[in-house]
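The values are calculated or read from the model by the stated rules, or taken from the named source; none is laboratory data. Because the structure is a prediction, the values reported are computed rather than measured. FYI the Cβ positions are ideal-geometry reconstructions off the backbone, even for glycines, and counts take in every protein chain you see.
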Amino acid sequence: MPTNDIRIWDGSSWCSIAGADGDPGVSVKDATADESNVPNKPDGSLGDATADVTEIPDANGDLTLAFDFGIPVGLPGASAETNVGTVATNTIASDQNATVSINDSDAGPNATLDFTFNIPKGEDGTGVNILGQLQEPAGTPVLGPPTQDNTQNHDICTDGPGSAWLDKDGDLWVWVEQTGDCAGGTPPTYNNVGSIQGPAGDSAEVAVGNVTTSTLACGNDAVVEVNAATGSTPSNLTMDFDFSIPTSSIDTGTLTLAEACTADGLTGTLTNSGTGTCAVMDLELNIPTFKAISSPEGSPPVAPCPGHMWIVTGP
């Protein structure tokens, strides 16, 4: 199909550059493309992208075009820090196990670890109501009224479960049951449970033992383990701590090359498709293109860029 005209898009209209027919041109037989990384500049900013074309002729004079693109490498990510945030304690049912949860409340590259301890509460015990101390000789309380304080009388026949008396020696007598007719002279049954104050206990010490830190893969939750050290006793307790902390990482994502209508040369965007601590950097480059399109008169190329060529063909 003959060529009637050659036109260049100047940004607003097609300008004809057709002249006399020239000698047959050299045909492009093949094209190859390669890419390499461009290091960052000494000041730490991104390096300049490059694009080189090499013509490789064969024995027939046909050319193979070799394209070499230099792609800037990504900037290094900021180092991550791990900090302790809030520490909270919750009470849970007595039949549940104690737990600790750790959450990262920092959405950025640093980690702020919040600790929540869930501790089971103790079960309710049986109450004991100490009614007073008998001033009579030590022994089981007898049918009253025994004297509490020499001014107020109390009838132990009115006692019941949970009632207790101290004798003059400091032993505690706890009501067991009403074994007979209290009014007829049979008093309630009490048991002597001994002194309510035990001997002084040994002093206890709690010390911090080994503190170790291990590294988890990026994206995992931090974990802390607390165990009693080997040989520890309740009165001399040494606790070992093991902190497992996730790492931060920056990985290379996708590289997208797209044609662009721009007078600014090579442009691009660098976006993070991962998270703050597990970054995945995607690079999209907009490359200005030179394009020659053949089509008949009346059917110009769609959405041309400045510099695109329209080869107007005849019927």
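Observations on the structure shown:
- No other residue among Pro301, Pro306 is surrounded by 13 or more Cβ atoms within 10 Å (Cβ to Cβ), in a loop (DSSP other than H, G, I, E, B) and in contact with a His (Cβ under 8 Å, 6 or more places away or on another chain) apart from Pro301.
- Looking across segment 36-52, the residues that are surrounded by fewer than 12 Cβ atoms within 10 Å (Cβ to Cβ) and modelled with pLDDT under 80 come down to Gly44, Ser45.
- Of all residues in segment 53-65 being modelled with pLDDT under 80 and surrounded by 14 or more Cβ atoms within 10 Å (Cβ to Cβ), the one that is farthest from Glu35 (Cα to Cα): Leu63
- Any hit, segment 1-16, residues being β-branched (Val, Ile, Thr), at pLDDT 75 or above and not assigned by TED's automatic domain parsing to the domain that holds Thr254: no
- Of note, Asp30 does not satisfy the criterion of being assigned to a strand (DSSP E or B) and modelled with pLDDT of 75 or more.
- Residues satisfying the stated conditions in segment 84-134, i.e. in contact with an Asp or Glu (Cβ under 8 Å, 6 or more places away or on another chain), farther than 24 Å from Cys218 by Cα and modelled with pLDDT under 80: Ser94, Pro120, Leu131, Gly132, Gln133, Leu134
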